[in-house]
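J.: Sharing a structure, written as structure tokens. Questions coming.
The values are calculated or read from the model by the stated rules, or taken from the named source; none is laboratory data. Every value quoted in this text rests on a predicted model; they were computed, and no experiment measured them. Reconstructed Cβ throughout: ideal geometry from the backbone, glycine too, with neighbour counts over all protein chains shown. All accessible areas refer to the heavy atoms of the entire protein, side chains included, with ligands and DNA or RNA removed. Shrake-Rupley method; radii C 1.70, N 1.55, O 1.52, S 1.80 Å.
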Amino acid sequence: MNNLGLCYKFSKKYSLGEDLLEDCLQKRKKKLGVDSKPTLTTMYNLADLYEVQEKMDLANSLFLECWQRRKELMGEDHADCVLTKSRIKDFPPQQSSTSTTTDVTDNVMS
């Protein structure tokens, strides 16, 4: 589903890609958990698709959540984490290590 969603994005069939990636994200969160690498890959891809469509608030929120989760899972210096961080616009101030990650995808998907 993730790969097909990307094919739609690259074919500029954004609506089809968005529907498929949103569905894939929800299914992966349910089956694999929100912090699994495949789930985070789909989260990143959906954020990228939102950005292509100039849905900047949705894209930024999802990039931020993806970065926070990747940082916890893989470490801040992992290539996927660095790439995701570079996509965040208006990067928030340094957060304490005791802060919790908020699940913004529930708001994005509503």
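J.: What are the residues in region 61-72 that are closer than 23 Å to ASP23 by Cα and surrounded by fewer than 20 Cβ atoms within 10 Å (Cβ to Cβ), if any?
T.: Taking region 61-72 as the starting set, the residues that turn out to be closer than 23 Å to ASP23 by Cα are 61-70.
Listed by number, the list holds a single entry, SER61.
J.: Somewhere in region 86-93, is a residue modelled with pLDDT of 95 or more, open to solvent by 20 Å² or more (accessible area, probe 1.4 Å) and not in a loop (DSSP other than H, G, I, E, B)? Before you say what the answer is, go through the steps one by one.
T.: Kept after step one, since they are modelled with pLDDT of 95 or more, are these residues of region 86-93: none.
Within region 86-93, none of the residues are modelled with pLDDT of 95 or more, open to solvent by 20 Å² or more (accessible area, probe 1.4 Å) and not in a loop (DSSP other than H, G, I, E, B).
J.: Is one or more of the residues making up region 41-55 among the small types (Gly, Ala, Ser), closer than 15 Å to TYR14 by Cβ, touching a residue at least 24 places away in the same chain (Cβ under 8 Å) and open to solvent by less than 50 Å² (accessible area, probe 1.4 Å)?
T.: Initially, region 41-55 is screened for residues among the small types (Gly, Ala, Ser), giving 47.
Narrowing further to those that are closer than 15 Å to TYR14 by Cβ: 47.
Retained after the next criterion (residues that are touching a residue at least 24 places away in the same chain (Cβ under 8 Å)): 47.
From what's left, open to solvent by less than 50 Å² (accessible area, probe 1.4 Å): 47.
Looking for residues that are among the small types (Gly, Ala, Ser), closer than 15 Å to TYR14 by Cβ, touching a residue at least 24 places away in the same chain (Cβ under 8 Å) and open to solvent by less than 50 Å² (accessible area, probe 1.4 Å), one finds at least one in region 41-55, hence yes.
J.: Are any residues in region 1-31 among the polar types (S, T, N, Q) and exposed (fewer than 14 other Cβ atoms within 10 Å of the Cβ), and if so, which ones?
T.: Pass one, region 1-31, residues among the polar types (S, T, N, Q): 2-3, 11, 15, 26.
Scanning region 1-31 gives ASN3, SER11, SER15.
J.: Scan region 1-26 residue by residue and report those that are touching a helix residue (DSSP H, G or I) at 6+ places or on another chain (Cβ under 7 Å) and outside any helix (DSSP H, G or I).
T.: MET1
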